[in-house]
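Report on the following structure.
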Amino acid sequence: MHPRLDDDLARLPDLLDETRARAVRLLAGLGDRPVARTPVRPEPVPLPETGTGAAGALEAFARRWEPGFSAGAGPRYLGFVTGGATPASLAGDWLTAALDQNPTSGMDSGAPDLEREAVAWVRELLGLPAEHAGIFVSGATMSNFTGLAIAREWLGERHGVSVSERGTAALGDVPVLSGSPHSSVGKALSMLGLGRSALQVIGTLPGREAVDVSRLARALEALEGRPAIVVANAGTVNTGDFDDLRAIAALRERYPFWLHVDAAFGAFAALSPGHARLVDGLGEADSVCVDLHKWLNVPYDSAVQFTRRRDLQVRVFANSAAYLGTLGDDPDRVDPVHLTPENSRRLRALPAWFTLAAYGREGHAEIVRRDIALAALLGERVAALPGYRLLAPVRLNVVCFTPADRPERVGELVAAITESGEAFLTPTVYAGVPALRAAFSNWRTTETDVERVAKLLERLAAP
Ligand SMILES: Cc1ncc(COP(=O)(O)O)c(C=O)c1O
């Protein structure tokens, strides 16, 4: 064994203690350290020839890289849609690395069964019906990609061809209809060979990001019976708006389409009694995307892909090789290797399993309800500040606003907020207006944090 490895093996308990102590210090200071950093790259160093051992690596990381890292897991990181890591999920994540399972096949370990249990818990948490089979993927982009890959196979079935065998050319042009799709849908269509231009953006309701269902019906009518894919949106990134999922699902009585719902964070509305109606009908979808590194507050990376058509999923992702084991006859026990783009993969189900075991439905519902209330509070504060204008009502957990009469200041404001170290918000353009958005999905955020952000915005309002 290389002497450095030998040394590290001998002092592994100390090394883990030192790492733990560093993690504890970092987490204790999470609320105080600058929330975001303007990246400054340290001087590059060449590949170490002999290496420094793990203690040296820890020291070099702490000196060269850690100071430039954001407090992304902290309470005032409101950019993108970002969760933190609950204590239990962090413990689960550490064990994921320590155990280093590869839950790709069930030949050697119970890890795929733990993943099945975690999927069932997530499904139950969100109120999805048992007909939805799920599997862990790395994020909502991968979940959208996987769902749309199954949709593509379904289109093949409708046309009497197997796309997984014959390729996408067998399909011709495929209409994909959506009101306010996330950018990852275009990316998925590009990767799937359907092409970004397959996407037909359907008009939304006035002043909303929710699709106008009557326009969607007209677009489907115009297809004259050609099967299509509809991507419905449950929680848009700009304003947290929701399509009418039940009304869209009902259109399937008149038109043939696969209904995919991007509910990356919106699915968690089911945990708030006052908001559950927003996801009414979600279970009717053919495939559903749910992110877990957002509102479930597990560390990156983690999401689930749900579908009612596991048979089609297996057709797309089957990875048959003698050494990987067979598909088996039980659709509920297909090995993960046959269900996603990945082959070897991390047991990313374990942090999710830990947090659900530790806090249950009630604990996670409390996080969701608190974040929704905090978004509403920031919305009220912003609306009361003369320097800003809300661009949309706060429907769930996203506050979208702009500097009143001075939208051109958005870039400057985002930079000033980042520079302040107090908070992190991301820019966007909503209805043609440059804007800022604050998304609440972290388990640590409290009213005190909202008041700090509101004060900061007030301070920065003056040009
Ligand atoms: C609605 C929606 N879909 C998809 C994504 C992509 O998520 P990920 O970064 O996990 O791939 C996001 C990310 O914010 C999202 O909000």
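So here's what we get for this one:
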{"read-out": "Check on PRO181, part of a loop (DSSP other than H, G, I, E, B), within 22 Å of LEU245 (Cα to Cα) and under 16 Å from the mean Cα position of the chain (by Cα)", "value": "yes"}
{"read-out": "Failed item, numbered, when ASP301 is tested on (1) within 16 Å of the ligand (Cβ to nearest atom); (2) surrounded by 24 or more Cβ atoms within 10 Å (Cβ to Cβ)", "value": "(2)"}
{"read-out": "Qualifying residue in the stretch 42-54 (condition: modelled with pLDDT under 95 and crowded, with 16+ Cβ neighbours inside 10 Å)", "value": "no"}
{"read-out": "Index of the failed condition, ALA120 passing every other in (1) more than 16 Å from the ligand (Cβ to nearest atom); (2) over 20 Å from LEU245 (Cα atoms); (3) surrounded by 22 or more Cβ atoms within 10 Å (Cβ to Cβ)", "value": "(3)"}
{"read-out": "Residue satisfying condition, being in the same structural domain as ARG123 (by TED's automatic domain parsing), more than 13 Å from the ligand (Cβ to nearest atom) and out of contact with any helix residue (DSSP H, G or I) (no Cβ under 9 Å at 6 or more places or on another chain), within set GLU284, GLU221", "value": "GLU221"}
{"read-out": "Of all residues in the stretch 85-116 being of a type outside the set (A, V, I, L, M, F, W, C) and under 24 Å from SER441 (Cβ atoms), the one that is surrounded by the fewest Cβ atoms within 10 Å (Cβ to Cβ)", "value": "PRO87"}
{"read-out": "Among (1) on the phi > 0 side of the Ramachandran plot; (2) buried (at least 24 other Cβ atoms within 10 Å of the Cβ) - the single one GLY421 does not satisfy", "value": "(2)"}
{"read-out": "Checklist (1) charged (D, E, K, R); (2) outside any loop (DSSP other than H, G, I, E, B); (3) farther than 18 Å from ASP291 by Cβ; (4) within 16 Å of the ligand (Cβ to nearest atom) applied to ARG208, failing item", "value": "(2)"}
{"read-out": "Any hit, the stretch 206-227, residues being closer than 17 Å to LEU155 by Cα, small (Gly, Ala, Ser) and without any contact (Cβ under 8 Å) to a residue 40 or more places away in the chain", "value": "yes"}
{"read-out": "Within the stretch 233-268, tally of residues that are more than 9 Å from the ligand (Cβ to nearest atom), over 15 Å from ARG208 (Cβ atoms) and either out of contact with any Cys (no Cβ under 9 Å at 6 or more places or on another chain) or of a type in the set (Lys, Arg) (or both)", "value": "13"}
{"read-out": "Criterion (within 16 Å of the ligand (Cβ to nearest atom) and free of Cβ contacts under 8 Å to residues at least 12 places away in the same chain) met by exactly one of SER183, SER138", "value": "SER183"}
{"read-out": "Exclusive hit being within 17 Å of LYS455 (Cβ to Cβ) and either among the β-branched types (Val, Ile, Thr) or in contact (Cβ under 8 Å) with a residue 12 or more places away in the chain (or both), set LEU378, LEU391, LEU356", "value": "LEU378"}
{"read-out": "In the stretch 357-369, the residues that are closer than 16 Å to ALA267 by Cα and crowded, with 17+ Cβ neighbours inside 10 Å", "value": "HIS364, ALA365, ILE367, VAL368"}
{"read-out": "Residue under evaluation ILE229, criteria (1) assigned to a helix (DSSP H, G or I); (2) crowded, with 19+ Cβ neighbours inside 10 Å, criterion not met", "value": "(1)"}
{"read-out": "Subset of the stretch 1-31 that is assigned to a loop (DSSP other than H, G, I, E, B) and more than 26 Å from the chain's Cα centre (by Cα) - its residue that is surrounded by the most Cβ atoms within 10 Å (Cβ to Cβ)", "value": "ARG11"}
{"read-out": "Count of the stretch 141-180 residues which are in contact with a Pro (Cβ under 6 Å, 6 or more places away or on another chain) and either within 15 Å of the ligand (Cβ to nearest atom) or not charged (D, E, K, R) (or both)", "value": "1"}
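The values are calculated or read from the model by the stated rules, or taken from the named source; none is laboratory data. None of these values were measured; they are calculated from a predicted model. FYI the Cβ positions are ideal-geometry reconstructions off the backbone, even for glycines, and counts take in every protein chain you see.
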